[in-house]
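Structure, as structure tokens:
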Amino acid sequence: ELLSFKPDFVPAGELDRGDYLVFVSNKKIKDNPNFTPEIMKLIGYYLAEGYIYRSFNNKNYTLSFSLNKNEKENIAELETLLLRITGKEPRERIRRNAIEISISSKKWVDFLGDDASHYASEKKLSEEILVLPFKKQWEMIKTYIKGDGSLSWRRKNSNPRYEITTASPTLAVQTQEILARGVIF
């Protein structure tokens, strides 16, 4: 019965109990060759595990990622990405069960600060990332899931269920919008 209805716009104040909401994803696509698959993976790691530091005198710019020290594959992939993308050898610092991976780079601190914001609760994606082709966005999402998410199945033959944890309400909605563009709900 539900499939026989045609969606219609109804102001939020006029919704009734039992009404269904239809989510319409952004159809705009604008590719940017600067956002390579490797850079999209780095952005995914940044969303999940990254933070930036700018000193008060603007002389020290540090891009850092904090992971569990047992995440060997993610650590190796992240360090390889950082070296390939930035040309800088990442530094490691271990604190209890965490490993901090860092590079000093104004260029990459500014880039990630502009395209994904600064603090965990304020992380959000730039409009430029939100209109990239889904194939590129998916590289970022897959890496983001590796850091702050999970993949599960409700039943043996059901569709996969993706879950991502974030402190940013804006990033949560943006991630949902990206997944909807890829017909993942």
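The values are calculated or read from the model by the stated rules, or taken from the named source; none is laboratory data. Fair warning: this is a prediction, and the values are worked out from it, not measured in the lab. Quick reminder, even Gly has a Cβ in these numbers, built from the backbone with ideal geometry, and neighbours come from all protein chains shown. Note: accessible area is taken over every heavy atom of the protein model, side chains too, but ligands, DNA and RNA are not part of it. Shrake-Rupley method; radii C 1.70, N 1.55, O 1.52, S 1.80 Å.
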- [ ] Scan the range 150-178 for residues that are in contact with a strand residue (DSSP E or B) (Cβ under 7 Å, 6 or more places away or on another chain) and not in a loop (DSSP other than H, G, I, E, B) and report the count.
- [x] 10
Open item on the list: Which of the numbered conditions does PHE35 fail, given that it passes all the others? Conditions: (1) assigned to a loop (DSSP other than H, G, I, E, B); (2) open to solvent by less than 100 Å² (accessible area, probe 1.4 Å); (3) closer than 19 Å to SER117 by Cα; (4) out of contact with any helix residue (DSSP H, G or I) (no Cβ under 7 Å at 6 or more places or on another chain).
Closed with: (4)
Open item on the list: Within the range 94-109, take every residue that is surrounded by fewer than 14 Cβ atoms within 10 Å (Cβ to Cβ) and charged (D, E, K, R) and give me the one that is nearest to PHE65 (Cα to Cα).
Closed with: ARG95
TODO: Return the total of residues in the range 59-92 being among the hydrophobic types (A, V, I, L, M, F, W, C) and within 8 Å of ILE103 (Cβ to Cβ).
DONE: 2
Open item on the list: Can you find, within the range 118-158, the residue that is least open to solvent (accessible area, probe 1.4 Å) among those that are more than 17 Å from ARG181 (Cα to Cα) and among the polar types (S, T, N, Q)?
Closed with: THR143
Open item on the list: Filter the range 1-26 down to the residues that are loosely packed, with under 10 Cβ neighbours inside 10 Å and within 19 Å of the chain's Cα centre (by Cα) and list them by number.
Closed with: none
- [ ] Could you list, in sequence order, all residues of the range 118-138 that are out of contact with any Ser or Thr (no Cβ under 8 Å at 6 or more places or on another chain) and hydroxyl-bearing (Ser, Thr, Tyr)?
- [x] TYR119, SER126
- [ ] For the range 125-143, state whether one or more residues are in a strand (DSSP E or B) and out of contact with any Phe, Trp or Tyr (no Cβ under 9 Å at 6 or more places or on another chain).
- [x] no
- [ ] Residue by residue through the range 9-26, note down the ones that are touching a helix residue (DSSP H, G or I) at 6+ places or on another chain (Cβ under 9 Å) and over 17 Å from LEU125 (Cβ atoms).
- [x] TYR20, PHE23, VAL24
Task: PHE23 being closer than 30 Å to GLY147 by Cα and among the aromatic types (Phe, Trp, Tyr) - done: yes
Task: Which numbered condition ILE99 misses (of (1) assigned to a strand (DSSP E or B); (2) touching a residue at least 60 places away in the same chain (Cβ under 8 Å)) - done: (2)
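Within the range 39-75, can you find the residues that are among the basic types (Lys, Arg) and under 15 Å from the mean Cα position of the chain (by Cα)? It would help to see each step written out before you state the result.
In the first step, residues of the range 39-75 are kept if they are among the basic types (Lys, Arg); the result is 41, 54, 59, 69, 72.
Across the range 39-75, the qualifying residue is only LYS41.
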- [ ] Could you tell me whether the range 74-84 includes any residue that is in a loop (DSSP other than H, G, I, E, B) and either under 20 Å from ASN32 (Cα atoms) or in contact with a Lys or Arg (Cβ under 7 Å, 6 or more places away or on another chain) (or both)?
- [x] no
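Please indicate, with yes or no, whether at least one residue in the range 13-30 is out of contact with any Ser or Thr (no Cβ under 6 Å at 6 or more places or on another chain), under 21 Å from ALA180 (Cα atoms) and at pLDDT 95 or above. Working first, answer last.
First, pick out the residues of the range 13-30 that are out of contact with any Ser or Thr (no Cβ under 6 Å at 6 or more places or on another chain): 13-30.
Add one more test, that the residue is under 21 Å from ALA180 (Cα atoms), and what stays is 19-30.
Still in the list and also at pLDDT 95 or above: 29-30.
Yes - at least one qualifying residue is present in the range 13-30.
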